[in-house]
Structure formats: structure tokens, C-alpha cells
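Visitor: The structure follows.
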Amino acid sequence: MHVRNVSKSVLVCCLLSLAALAQKRALSIPSTGFSGLDQYRASRIAIYTDDFGELKRYRADDAALALPAAKEKRVVFLGDSITDYWKLADYFSGKAYVVLNRGIDGQTTPQMLVRFRQDVIDLHPAVLVVLAGTNDVAGVTGPARNEDIEANFASIAELARMHQIRVVFASLLPVNNYTDDAKESFALRPRERILALNSWLKDYCAQNGLVYLDYFSAMVDDKGMLKRELSDEGLHPNAAGYKVMAPLAEKAIAQTIASGP
């Protein structure tokens, strides 16, 4: 009898241990080989499992917007942290259109597709400016081939076309490793992949009557990297960087508006 009770206790302990191990494994994600990215991905498990597209970020703001007035033109900027951190009102005030920032820190193109109806289609913009792809290359939500990223860009364009939204596709920005903080983000974004995606975007825009917004050429230095003075940590533009980007975006928007009804 005593032996049987001991056996039961051992069995219960084993089952509890296995359950704890299973739970631990369920909460873990595969390592990328980059400690900073691994920590970032681990910090976002709740997002990836509960609200992958982060629809809650702009849900209330979107719901509060009325339909555009008769002659009102809206321009939606869709993107990741580079858009999210951009204080658009400081650069696009007094224009003949209303600018809406729908950038979300850390996002990749599949996440943008998840929220595309809420954050773009339902807002009825005249123009959509898309700056995306750098986090896809880095594998923030998992490994992504260039072909996968290109397919997501094409899906964005096709959805926009169905809803009479004209699209501006912006190039991916260069990155640099001029500071210690920049080294990992630089290593995660190989230059050849950025160049290949930008080449594809430029060709896709030419073939489909879209405007290609070339930030890359204006921000790259003679070493093929993001100019040191345009970023403090090699990935995100600083104020000087956004000052370079703003007139380029403004020109692309004006060209897009002028090209259609």
C-alpha cells in the first residue's frame, strides 16, 4: 500500500513536470541567433498570439473618423516604426490633403495586411503611402523570403486598387553600423536584400502605374549605408532624416493626386 502511494506521488510529480515543461515550450519562440531580436520577439508574444495585426492600436481613432467631406482628400501613411515615429503634422500641415499616420512600431507586411481594411480601406483615403519591409527582412515575425514580401506588397496594391485608392510605394531605407547600437539591426538587414526589394518595388510601380518614392537614393552614403547624420542608431531616421524624406513624400503624393480623377 505504501509503495503504491509512493508510485502515485511519483506519477503526479512527473505529470506536473511535463505540464510545466510543455507550458515553457509553448511560451518560447525559436532563436534567431541575434540576442536583441530574440528578446524583442519574446516581449511581443502576447501581440503575436492575441492581436497579430494590432488592430486595437487605431481602432478607436478609426471609428471616430467621419466619412471624408465632399472635396476632402486623405492620405494614409502605412508602415512600421519609421512611420510610427514620424510626427507627420509637423511636416504636412497646411496641405490640400489630410494626413493620417497608421504606422506601428515593429510591424511587418503580413501584419499590415491583417489591419488593412480597418486602417486603410475604411478610412477612404485618396492616396496610400506604404513604407514597409525592413522588419520582414530582419525576420521580426519570422523568416520571410523576398518573394513573400513582394507578394504582400502586391496584395496591398491589389486591395487598394479595388477600392479606388492610389498607392505610393516607398523604397526601403538604407541602414548603417556606425554605432554599437546599430550593429545588430544592420546585420539583420543585408544590403543586397534591401537593394533587391527596392528594385522589385520600382519595377512593380512602373508596370502597374503606381508612384515609386525613392528615399534610398537620397539617404545613402558613398559606402552604401544610411548617412550617419540622418540617424542616431543606424535604422530610424532622426529629425534630419525626416527633413530629407518629407519633401520627397510630398512630391510623390502630389504626383499621385495629379495622375488620377
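Coordinate-derived values only; no laboratory data. Since the model is a prediction, treat every value here as computed from it, not as a measurement. Because the Cβ atoms are built from the backbone with ideal geometry, glycine has one as well, and the counts that use them run over all protein chains shown.
Visitor: What distance in nm separates the simple spin-label points at Tyr204 and Asp51, each placed 7 Å from Cα in the Cβ direction?
Guide: 2.7 nm
Visitor: Near the amide H of Val98, under 5 Å away, which other amide H atoms are found, from residues 5 or more places off or on another chain, if H is placed in the peptide plane?
Guide: HN-HN under 5 Å from Val98: Lys73, Arg74, Val75.
Visitor: In the Gaussian network model of the chain, springs joining C-alpha atoms below 10 Å, which of Gln118, Gln39, Gln107 carries the largest mean-square fluctuation?
Guide: Highest fluctuation among the options: Gln39.
Visitor: Moving on. Fewest Cβ neighbours within 10 Å first, please rank Val168, Val244, Val175 accordingly.
Guide: Val244, Val168, Val175
Visitor: On full extension of the chain, what length is gained from Met162 through Tyr40, given 0.36 nm per residue of separation minus the C-alpha to C-alpha distance?
Guide: So the chain would gain 40.4 nm between Met162 and Tyr40.
Visitor: Karplus couplings for segment 219-230 from phi (6.51 cos²θ - 1.76 cosθ + 1.60, θ = phi - 60°), rounded to Hz, Gly and Pro as x?
Guide: 10, 8, 9, 6, 9, x, 10, 4, 3, 4, 6, 9
Visitor: Please report Lys73, Lys56 as a ranked list, fewest other C-beta atoms within 10 angstrom at the top and most at the bottom.
Guide: Arranged by neighbour count, lowest to highest, Lys73, Lys56 become Lys56, Lys73.
Visitor: Right, here's the next one. Would you mind ranking Thr141, Thr109 so that the residue whose beta carbon has the fewest other beta carbons within 10 Å leads the list?
Guide: Thr141, Thr109
Visitor: To continue, here is another question. Note down the magnitude of the dipole of the chain about its Cα centre, charges +1 on Lys and Arg C-beta and -1 on Asp and Glu C-beta and zero elsewhere, to the nearest 20 debye. Show your work: numbers first, answer last.
Guide: Details: 30 positive and 30 negative charges, 123 e Å.
With only Lys, Arg, Asp and Glu charged at Cβ, the dipole is about 600 debye.
Visitor: Using a Gaussian network model on the chain with a 10 Å cutoff between Cα atoms, which of Pro30, Pro174, Pro125 fluctuates the most?
Guide: Pro30
Visitor: Among DSSP beta bridges whose residues both lie in the chain, state the antiparallel percentage, nearest 5. Don't skip to the answer; put the middle values down first.
Guide: Working: 2 of 20 bridges.
About 10 percent, rounded to the nearest 5.
Visitor: Oh, and also: In a GNM of the chain with a 10 Å cut-off on Cα contacts, which of Ala70, Ala249, Ala206 has the highest mean-square fluctuation?
Guide: Comparing Ala70, Ala249, Ala206 in the GNM, the peak value goes to Ala70.
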